[in-house]
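To start, the structure itself, in structure tokens.
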Amino acid sequence: MKTILDRFAAKIARKIKRRRFDNKEFWNTRYRTDMEMGSGPGSRNENLVLKRNLIADCMESYGVTSILDLGCGDIEIIRDLEIGQYHGVDISDVVIDRNRTIRPDFNFECNAIRDITFEGKADLVLCLDVLIHQKSREDYETVIKTAFKHVGKVALISGYAKSDGGWNVFFYEDIEATIRRIAPDSSLSHVASYRDTELFAVVPSRSP
């Protein structure tokens, strides 16, 4: 049975671990040592099928021929989809090198999302399981603003509605509230829930 001192020590250890969390180091280590887990449970098994089907439905419904994938990870969700133009961005050079061998017809960029070189619009912007790993509120909002800057027809965006409490995930605001605040004129639809995460389809305002 844990004592009060044990619980206090565990709480301090978690805070230290969170403070030292480095996204690039964490994901490079994961992809280098455990590709079976890869981008995580949110991109495996039933969650993989869920997301792949949602993306395929969006592509059909909105006539999508181009995709910008912010935090593309190991691309297991979209690797078998036929996409006219695809630009995947990830901070992990390990997974970007791997992805280039799997889909040499796709374009990949190893970069922080705030520094991406992508220009223009993509019909579909994916921002899946990325916001929850942003270590600062500034980076969290930058990722969402980047998604809206480049979305042409529709975006699929996931995030937390409440704090998860994990050591390597972060919560700043209900994701729905964030989207409505940053893109108040957009049309927002809740399309799925998985692993304490909420997924929304967002259609930008058509006004000039």
With charges set only on the Cβ (+1 for Lys and Arg, -1 for Asp and Glu), what does the dipole of region 4-203 come to about its Cα centre, in debye to the nearest 20? 880 debye
Mind checking the full-extension length gain between Ile102 and Ala56? Use 0.36 nm per residue of separation minus the Cα-Cα distance, one decimal, nm. 14.6 nm
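Mind sorting Tyr172, Tyr31 by how few other Cβ atoms lie within 10 Å of their own Cβ, fewest first?
Sorted ascending by nearby Cβ count, the order is Tyr172, Tyr31.
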Compute the separation of the alpha-carbon centres of region 136-160 and region 44-79 and state it in Å as a whole number. 16 Å
Computed FRET value (nearest 0.05) for Val191 with Asp164, which takes r as the C-beta separation and R₀ as 25 Å: 0.80
Apply 1/(1 + (r/R0)^6) to the Cβ-Cβ distance of Lys121 and Thr3, taking R0 = 41 Å, and write down the FRET efficiency to the nearest 0.05. 0.10
Expected 222 nm ellipticity per residue - DSSP helices of 4 or more, -39500 (n - 2.57), all of the chain, to 500: -12000 deg cm²/dmol
What relative contact order, as a whole-number percentage, does the chain give when Cα pairs under 8 Å and 6 or more residues apart are counted? 16 percent
log10 I(q)/I(0) for region 93-165, Debye formula on C-alpha points only (no solvent), q = 0.15, 0.18, 0.25 Å⁻¹, two decimals, reads -0.59, -0.84, -1.28
Degrees separating the helix 93-102 axis from the principal Cα axis of the chain, which is the longest one: 40 degrees
Among the aspartates and glutamates, which have Cα under 13 Å from the Cα of Lys153 when same-chain residues fewer than 8 positions away are ignored? Glu60, Asp123
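Using 0.36 nm per residue of separation minus the Cα-Cα distance, give me the extension gain between Ser136 and Asn28 in nm, one decimal.
In short, 36.9 nm is gained.
Computed from the coordinates by the stated procedures, all read-outs in this text should not be read as laboratory data. Model, not experiment: these values are computed from the prediction. Using ideal geometry, Cβ is built from the backbone for each residue, glycine included, and neighbour counts are taken over all protein chains shown.
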